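The values are calculated or read from the model by the stated rules, or taken from the named source; none is laboratory data. It should be emphasised that the depicted structure is a prediction, and the values quoted were computed from it without experimental measurement. Cβ: placed from backbone, ideal geometry, glycine included. Neighbour counts: every protein chain shown. Quick note on the areas: whole protein, heavy atoms, side chains included, nothing else; ligands and nucleic acids left out. Shrake-Rupley method; radii C 1.70, N 1.55, O 1.52, S 1.80 Å.
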Amino acid sequence: MTCPRLIEVALPIREISAESVRDKSMRHGHISTLHLWWARRPLPASRAIVFASLVPDPDHPDCPKPFRKAVMRLLHDEVPPTLKGYWRGKKSKRDADPYKPYKGIPDSPRNRLLTFIAKWSPEWLAFERGEAEDQPPPAEMLDDRSLVKWETSDPENDQGRAVLGIARELVRLANGGQAPTVLDPFAGGGAIPLEATRLGCQAIANDYNPVAYLILRATCEFPQKFGKPGLRTKEEGMATKDASPSTFAFGHSSEKERVPNVLAYDVEHWANWLLDRARERIGHLYPPGKDGQPVVGYLWARTVQCSNPSCRAEIPLLRSLLVCNKPGKRVALTMTRKGKTKVVEFGIAKNRAIKETEGTMIEKGRGSVRCPICEQTTPVEDLRRAGMDGKLGERMVAVITDTPNSKDYRPVEPSDVKAFEQAKKLAETVERPQ
Ligand SMILES: C[S@@+](CC[C@H](N)C(=O)[O-])C[C@H]1O[C@@H](n2cnc3c(N)ncnc32)[C@H](O)[C@@H]1O
Ligand SMILES: [Zn+2]
């Protein structure tokens, strides 16, 4: 009998899932911000499955002895000093045996390996036991020395480098001293080949979708090929109105400056160039509101006329009033009646001020909607008919703004509606390709 891979025996699913949920809200430095890919898998789950597929189950009787020994050496006897503690804010906490299995779980090589992949933090365990009142924030749910933790992939994080060093050594030892080649024939947004590369493997990624193909090249190939220090002419950093990428490629300024990463420099430079052009042409269609914050988007709802003959209000079709449901930053729309009219006014409520999250579309009502003015239900059949007759309307319900730290939401102001009307007119004059 041959030894099964670790993935065939066990995985710390709950811990990996918790970090995968957190992965969804990661932005800075995350490949998901490079280009939208609809089927993208979370990086923590991808890292865990690649690693657990490449190493054997060390508790199995057929596991090669040197691998079992290496697990105990790297995860017990010779844990690097940098992993024998962790920081919580400015406080350092000592914990010399980071991969010790949870209390009551046997201290075996398999359990050490699982703990290495993902382990709850001491703060989370204390909270779960009811010994701590406050739930730790998502970034502190997992132990900092966990392989799947987002911070582990930061090349400037000493602990992350040490953790990845151990993972790479284990992968090599499990595969005859050389990391194997990993093939992902359906690689999509590249989470699996990226994580295989992080674990020291050569990755081959394939996809028949041309968008995925380009994302894959930009994720797995270009950073390694072009992400190097180099020279850029100073002129390139000062885009002029008429300049285009081709004129820059042959820019003839002789003054050069050294940049640490020409790929990062070029991407940022040309992204800014594009943004500047876009701002020039359509920036006036996104006027800031009273708060002065730049506008980045508008939220809309389809509308249908209430089927109550004595009401006929315009009902916004909303499944939920929640527009943001992040811990500590919940934002919801509010609906109130404008005086004695049949018009619904939208506002914004945040966190504790949120009183209601249910939208107008009735859950389990198979698509029927409740009117916020008369409370009567408009059946799904009326809604369907209105759709087929082209009688569904639309309504701007909130505005998304860009604040220094994150996105924010504000109520619609007359200038927003005016800008939309202007944009609509402009769009009608734009020539469309045949
Ligand atoms: C579930 S997605 C993969 C997601 C990926 N693991 C990620 O993290 O983004 C499946 C991918 O398989 C690709 N695909 C489906 N059939 C294929 C085929 N016959 N050859 C190549 N790629 C294919 C699709 O284009 C899609 O990108
Ligand atoms: Zn009504």
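Given the convex hull of the Cα atoms of the range 58-148, what is a quarter of its surface area in nm²?
Values: hull surface 26.4 nm².
That works out to 6.6 nm², a quarter of the Cα hull's surface.
Show which aspartates and glutamates lie in cross-link reach of K424 when reach means a straight Cα distance below 14 angstrom and same-chain residues fewer than eight apart are skipped.
E394, D416
Over all directions, what mean area does the Cα convex hull of the range 1-45 project, stated in square nanometres? Write down the numbers at each step before the final one.
Working: hull surface 17.8 nm².
If you wrap the Cα atoms of the range 1-45 in a convex hull and average its projections, you get 4.4 nm².
Apply the Karplus parameterisation 6.51 cos²θ - 1.76 cosθ + 1.60, with θ equal to phi minus 60°, to every residue of the range 94-107 and state each ³J(HN,Hα) to the nearest whole Hz, in sequence, with x for glycine and proline.
Coupling constants for the range 94-107: 8, 7, 6, 10, x, 9, 5, x, 4, 3, x, 9, x, 7 Hz.
Using only protein heavy atoms and a 1.4 Å probe, report how much of H35 is accessible, in Å² to the nearest 10.
80
Out of the DSSP beta bridges found with both residues in the chain, what percent are antiparallel (nearest 5)?
Of the beta bridges lying entirely in the chain, close to 90 percent run antiparallel.
First obtain the Kirkwood hydrodynamic radius of the range 6-224 from its Cα pairs, then insert it into the Stokes-Einstein equation at 20 °C and 1.002 mPa s, and state the resulting D in µm² per second as a whole number.
On the way: Rh = 18.0 Å.
Using the Kirkwood radius from Cα pairs, D works out to 119 µm²/s.
Which of K342/K364; K119/K228; K65/K93 have a Cα-Cα distance over 31 Å?
Numbers: K342/K364 26 Å; K119/K228 35 Å; K65/K93 34 Å.
Too far apart for the 31 Å limit: K119/K228; K65/K93.
Relative contact order for the range 295-429: what is it in percent, counting Cα pairs under 8 Å that are at least 6 residues apart?
Numbers: 241 pairs, mean separation 38.6, N = 135.
It rounds to 29 percent for the range 295-429.
Choose one answer from S17, S53, S310: the residue with the largest mean-square fluctuation in a GNM of the chain with alpha-carbon springs under 10 Å.
Of S17, S53, S310, the most mobile in the Gaussian network model is S310.
With the chain treated as a Gaussian network of Cα nodes joined by springs under 10 Å, which of G85, G393, G200 yields the largest mean-square fluctuation?
Its mean-square fluctuation being the largest, the pick is G393.
Once you have the alpha carbon radius of gyration of the chain, what is it after dividing by 2.2 N^0.38 Å, with N set to its residue count? Spell out each step's value before the answer.
Numbers: Rg = 27.4 Å, N = 434, 2.2 N^0.38 = 22.1 Å.
That ratio works out to 1.24.
If you count only protein heavy atoms and use a 1.4 Å probe, how large is the accessible surface of C324, to the nearest 10 Å²?
Rounded to the nearest 10, the figure is 10 Å².
Assuming R0 = 45 Å, what is the FRET efficiency of A96 and S32, from their Cβ-Cβ distance, to the nearest 0.05? Intermediate results must be reported in sequence, preceding the final value.
On the way: r = 36 Å, r/R0 = 0.80.
Working from the Cβ atoms, E equals 0.80.
Convex hull volume of the Cα atoms in the range 129-202, per residue, in Å³? Please list the in-between numbers first.
Numbers: hull volume 10.4 nm³, N = 74.
So the per-residue hull volume is 141 Å³.
From largest accessible area down, sort F420, F51; use a 1.4 Å probe on the protein chains.
On the way: F420 60, F51 0 Å².
Ranked list, largest accessible area first: F420, F51.
With a 1.4 Å probe and all protein chains in place, put T429, T403, T233 in order of accessible area, largest first.
Sorted descending by solvent-accessible area, the residues read T429, T403, T233.
Quick one: accessible surface of W124, probe radius 1.4 Å, all protein chains present, in square angstrom to the nearest 10.
Only protein atoms counted, so the area is about 20 Å².
Lysines within cross-link reach of K24: Cα-Cα under 16 Å, excluding same-chain residues under 8 positions apart?
Once the sequence-local lysines are set aside, what remains near K24 is K149, K326, K329, K407.
Quick one: ranking E381, E428 by accessible area, 1.4 Å probe, largest first, what do you get?
E428, E381
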